[in-house]
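First the structure, in the form of structure tokens, and then the observations on it.
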Amino acid sequence: MKKKILHFIDSESYTKEGGIESVVRNITENYRNDLYKHRVCCRDSFVSKKVLNYKFPDATKLKKILNEEKPYLVHFHGSGPNIWISITLLLHKNIPIFLSPSYHPPWTTKRPIMAYINKLFLNLVMNQDIYIAFSTKYEVNQFRLKKKNFIIIPPFFMNSKISKKKLNQVLFVGRDDNHKGLDVYIMIAKKFPTINFIAVTKPKRKYQVSNNLSFLSNISNKEIEELYADSKLLILPSSYESFGGVVFEALSKDCMVIISDRVKCIEYLENNKNVFLFKFKNKSQNIQSIKTIMKKLKKSDRSFLSDSDHNNSKNIITLEENISNLDKLYSFLKAK
């Protein structure tokens, strides 16, 4: 009989666009389905209790889920109040608890004071009897941990190869959040009118865009993979990314990447000649930095370099490595 793993996610659906949603989807579809049965518990299934017009995790709902599902372990994905409050409510239930925080520091948020308070409570929870999967060393260093109850592994992003003809096309993939830098991407598109720019996002604001830029939303994962394969370049001008899985998704489809030095997956990409890094500063300087890189690429007619073309770190994390990384995380149970 298969053991059951419950994945808790503070999102309305794990099928929507988003980094955490993609990771959870990939785990449920690809992680040892011969041994485990995965179930995803989205926000509405465990959050309902109202306090001052805000909804919080409901202990009764959580208890009902555990009684009905009888899981082997529970794995929380995220770092907001709904996550650490739920973990707190389950600490006495004698069930193994795992956490993948995907943490964003207070200075990267709209409400830094509230985010700092959230960090204090999150840190307290991390020092309880739970196991943590951090994605980078930088993320670990954001917290004061009293015990070695964690490992550092990259998030579970799928990286299948697709061979297609490269078009004169540039991509942006991500939500229209302030820290993502969609406004910078839009300005870059105006600087290169002969190049086709695509933004896979649902705009939250009204933008004035050039004729060479189009928005795509509500498209399938397969369609996004095909866009990566068709494109020469992904631009991710974020002011912060706890990891930046789209970088690996792009590289696995032979798509070069321009990213800021605040995208933390750079820990895994030292000396990778398909990744072009710029130092994050203010908006105008960021635009100029990206513009300079793109001009050099255009002038040299640079294309993606495969592993056989140069001596660099690997462009992708394989499915086997992703599975092995999760095995290492869950092996905490055997060591207990």
Do you know the relative contact order of the chain, to the nearest whole percent, from alpha carbon pairs under 8 angstrom that are 6+ apart? 14 percent
For K166 and N53, FRET efficiency with R0 = 45 Å and r from the beta-carbon atoms, rounded to 0.05? 0.35
Taking placed amide H atoms and a strict 5 Å upper bound, the residues 5 or more places from C41 or on another chain that come that close are H7, F8, I9
Checking understanding here: applying a Kyte-Doolittle mean of at least 0.0 and a length along the axis of at least 18 Å (C-alpha), which whole DSSP H helices in the chain pass? 112-126
Provide M1, M294 ordered by accessible surface of protein heavy atoms (probe 1.4 Å), highest first. M1, M294
I need the semi-axes of the equivalent ellipsoid of region 1-77: take the C-alpha gyration tensor, multiply each eigenvalue by 5, square-root it, list largest first in whole angstrom. 23, 17, 7
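In what sequence, highest mean first, do 319-332, 107-120, 262-275 appear when ranked by Cβ atoms within 10 angstrom?
Descending packing order for the listed peptides: 262-275, 319-332, 107-120.
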Could you state how much accessible area E17 has, in square angstrom rounded to the nearest 10, with a 1.4 Å probe and all protein chains kept in place? 60 Å²
How big is the gap, in Å, between the Cα center of region 117-182 and the Cα center of region 188-249? 20 Å
GNM on the chain, C-alpha springs below 10 Å: top fluctuator among D301, D34, D261? D301
Over all pairs of different Cα atoms in the chain, the reciprocal of the mean inverse distance gives a Kirkwood radius in Å of 21.1 Å
Which value, in debye to the nearest 20, gives the size of the charge dipole of region 86-216 about its Cα centre, when Lys and Arg are +1 and Asp and Glu are -1 at the Cβ? 260 debye
Expected vector for region 250-256, Karplus 3J(HN,Hα) from phi with 6.51, -1.76, 1.60 and θ = phi - 60°, integer Hz, x for Gly and Pro, equals 5, 4, 5, 9, 6, 10, 5
Take the solvent-accessible surface of the protein heavy atoms, probe 1.4 Å, and return the percent of it on region 91-246 that carbon and sulfur atoms account for. 54 percent
Average the reciprocal distances over every distinct pair of alpha-carbons in region 180-307, invert the result, and give the Kirkwood radius in Å. 15.1 Å
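Rg/Rh for region 132-209: what does it come to with C-alpha atoms and Rh from Kirkwood?
1.13
Skip the ligands, DNA and RNA, and give the accessible area per residue of the chain with a 1.4 Å probe, whole Å².
Accessible area per residue: 51 Å².
The values are calculated or read from the model by the stated rules, or taken from the named source; none is laboratory data. Just so it is clear, the model here is predicted, and its values are computed rather than measured. A quick note on method: Cβ atoms are made from the backbone with ideal geometry, for glycine too, and the neighbour counts reach across all protein chains shown. Note: areas computed on protein heavy atoms with side chains; ligands, DNA, RNA excluded. Shrake-Rupley method; radii C 1.70, N 1.55, O 1.52, S 1.80 Å.
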